[in-house]
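The values are calculated or read from the model by the stated rules, or taken from the named source; none is laboratory data. Since the structure is predicted, the reported quantities are computational estimates derived from the model, not experimental observations. Neighbour counts run over all protein chains shown; Cβ positions are idealised from the backbone, glycine included. Accessible surface is based on the protein model in full, side chains and every heavy atom, while ligands, DNA and RNA are left aside. Shrake-Rupley method; radii C 1.70, N 1.55, O 1.52, S 1.80 Å.
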Amino acid sequence: MTTIGLPNDIRACLFDLDGVLTKTAVVHAAAWKSMFDDFLRSRDGAGFTPFDPVADYDEYVDGRPRADGVRAFLASRDIELPEGADDDPPDRETVHGLGNRKNELLLRKIREDGVEAYPGSVRYLAAAREAGMRTAVVSSSANCKDVLASVGLLDEFDVRIDGIVAQERALPGKPHPDTFLAAAHDLGIDPSAAAVYEDALAGMDAGRSGHFGYVVGVDRVGQATALREHGADTVVQDLSQLLGEGS
């Protein structure tokens, strides 16, 4: 193993953003819950079954492109809505309208509360680059660039594949491996020589199906067993553990 806890033949590190590099997963979960609860309350009345920010978030929306998350959760409740269009206003009850409402809530929470990077991830990223690794960030978020800039990490990546790039290239999102495969391609690295770092089960599935050389599960919420079942080669609570620093 290398000094950064990877097999010796790994030459690139492909990082998810939310929950791996930055403390935004909890903000995303809160925005999803606020949006879905408002929608369900207006649809079903006071007796509605709320969105669970742990179980529903992990199962249906975490790591997925926004519209895919809306579709998956609605399907779990046997709810069908029109697709609508990308630019639907947030008050329109369509798949894209609900997705845009969630994004509006997310951006408001980020503006009001700010964003933080995980210190252990920042140290690990620096160590990976010092070790000569190529680096990429792979996120379903259309806000990826702004979030990275806000925590001073924008220039630490050779490649960025985010929600905007995925849409431009018509890349299906996680759990499909296409966004990670695009990052490896843009780095000029075979997937077998790249490591994937993910905290979402959909990201684990993408790492496994893309036949990447190593998949690191980052367990922020106590789902180590599920991460392993979905394809993680190793699971850590913080990336600093791969440096032998602990969490």
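Filtering segment 86-131 down to residues that are within 21 Å of the chain's Cα centre (by Cα), open to solvent by 50 Å² or more (accessible area, probe 1.4 Å) and not charged (D, E, K, R), which residue is nearest to residue 220 (Cα to Cα)?
Step by step, filter segment 86-131, then rank; the result is 119.
Take the residues in segment 59-85 that are modelled with pLDDT of 95 or more and basic (Lys, Arg), then tell me which one is nearest to the chain's Cα centre (by Cα).
Among them, the one singled out is 71.
Among the residues of segment 34-73, count how many are of a type in the set (D, E, K, R), open to solvent by less than 60 Å² (accessible area, probe 1.4 Å) and under 21 Å from residue 173 (Cβ atoms).
The number of residues fulfilling the criteria is 4.
Looking at residue 141, is it on the phi < 0 side of the Ramachandran plot, crowded, with 18+ Cβ neighbours inside 10 Å and either assigned to a loop (DSSP other than H, G, I, E, B) or out of contact with any Leu (no Cβ under 9 Å at 6 or more places or on another chain) (or both)?
Yes.
Looking for whichever is of a type in the set (A, V, I, L, M) and free of Cβ contacts under 8 Å to residues at least 60 places away in the same chain here; the options are 30, 55, 25. Which one fits?
Details: 30 fails: free of Cβ contacts under 8 Å to residues at least 60 places away in the same chain; 25 fails: free of Cβ contacts under 8 Å to residues at least 60 places away in the same chain.
The conditions single out 55.
Just for segment 144-202: of the residues that are of a type in the set (Lys, Arg) and modelled with pLDDT of 95 or more, which one is most open to solvent (accessible area, probe 1.4 Å)?
Ranking the candidates gives 169 first.
Against the definition (within 24 Å of residue 148 (Cα to Cα) and either part of a helix (DSSP H, G or I) or touching a Cys at 6+ places or on another chain (Cβ under 6 Å) (or both)), how does residue 38 come out, yes or no?
No: the conditions fail for residue 38.
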